């Protein structure tokens, strides 16, 4: 028997294709399957409402911090694929939503990292640390936290001998590949080779990104603005390529590069060069980003300087990019500065005894 009853918090929607009216709990979007106006409907609606209220986060909780971060432009402006990756981290953290924020400290974060490592291995554990660092940074700006509890929480290092997915290219490999690439691939690879730009940013780079001797663009990951002088070897390649109406780079058919098309074309070149012995196995486009970071680190550049060239908002990932740097050149310069000849009196006014 159907009865009339006042119901709040219900959203009803008529679907013309089916000729049916559907009901939902307004706050959570939970569908109510019982017939409208029946006691069963009221019971189901009450159950959905109680479940939503129990799950609803309170101020001062970890869930509130995550929700505030997900509503911030630093998250909403990420590419869909990056947001999906972040959501995997938030799904892992779901059981912690009701936890008070004052429990977030460095020991807790290290334990959380270790738990992620046990369940999902090294890369996911390090990604959890990275995502939490960004969320906590927004929390500080909103006054939810006084300091970032993820600061100084180290990444889980690779085991000795573990293969790197994106190893740096040697100078010889970089030269060999650029010399052999067909024209449509030469520009994109030169951009990655000289500036360490991500492949996704290279494929989507607009035509006006190269103008008046400068390279200017906004990264797809993190929406970081990058403006750097165009190195002369890169400028020669860009000046020689065929112009496209909208994009800086295009495939052989004149359309902007698709991800699949780019990797297929690169794979053919790579396999041929490996067979000819001109390069070793393991080259990836992202490895060129590691190459640039490694070169900069060997030159003694700071992590902040390297991050600015690579378009990184923070310096967190720099040690990973430059982990294989050979520091002999930089260390020699430091030792020369420390123990080299001094041209004036020392700090006490006397002559230097070094």
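FYI, it's all coordinate maths here, none of it is from the lab. Just so we're clear, the structure is a prediction, and the values are computed from it rather than from any experiment. Neighbour counts run over all protein chains shown; Cβ positions are idealised from the backbone, glycine included.
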Query raised in the report: What percent of all Cα-Cα pairs in segment 62-141 falls in each 10 Å bin, counting up from 0?
Result: 17, 56, 26, 1
Query raised in the report: When 266, 257, 36 are ordered from fewest to most other Cβ atoms inside 10 Å of their Cβ, what list results?
Result: 36, 266, 257
Query raised in the report: Taking springs between alpha-carbon atoms closer than 10 angstrom, which of 238, 132, 45 fluctuates most in the Gaussian network model of the chain?
Result: 45
Report summary line: Least to most buried among 191, 327, by other C-beta atoms within 10 Å and fewest first, runs 327, 191
Query raised in the report: What are the radius of gyration and Dmax of the chain, computed over its Cα atoms and given in Å?
Result: 27.5, 104
Report summary line: The relative contact order of the chain, taking Cα pairs under 8 Å that sit 6 or more residues apart, comes to a percentage of 12
Query raised in the report: Helix 328-339 versus the longest principal axis of the chain: what is the Cα-based angle in degrees, 0 to 90, to the nearest 10?
Result: 70
Query - Zero-based 5 Å bins, Cα pair distances in segment 10-55, whole percents - result: 5, 24, 29, 22, 13, 5, 2, 0
Query raised in the report: Given labels modelled 7 Å from the Cα in the Cβ direction, how far is it in nm from residue 102 to residue 268?
Result: 6.5
Query raised in the report: Where does each of 210, 22 land when they are ranked from fewest to most other beta-carbon atoms within 10 angstrom?
Result: 22, 210
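For segment 171-331, what Kirkwood radius comes out of the mean inverse Cα-Cα distance, in Å?
That comes to 16.3 Å for segment 171-331.
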**Report entry** Calculated FRET efficiency for the pair residue 51/residue 216, C-beta based, R₀ 51 Å, to 0.05
**Finding:** 0.55
Report summary line: Measuring from the longest principal axis of the C-alpha atoms of the chain, the long axis of helix 80-93 (C-alpha) lies at a number of degrees, nearest 10, equal to 70
Report task. Return one number: the angle in degrees, 0 to 90 and rounded to the nearest 10, between the long axis of the Cα atoms of helix 287-298 and the longest principal axis of the Cα atoms of the chain. Result -> 60
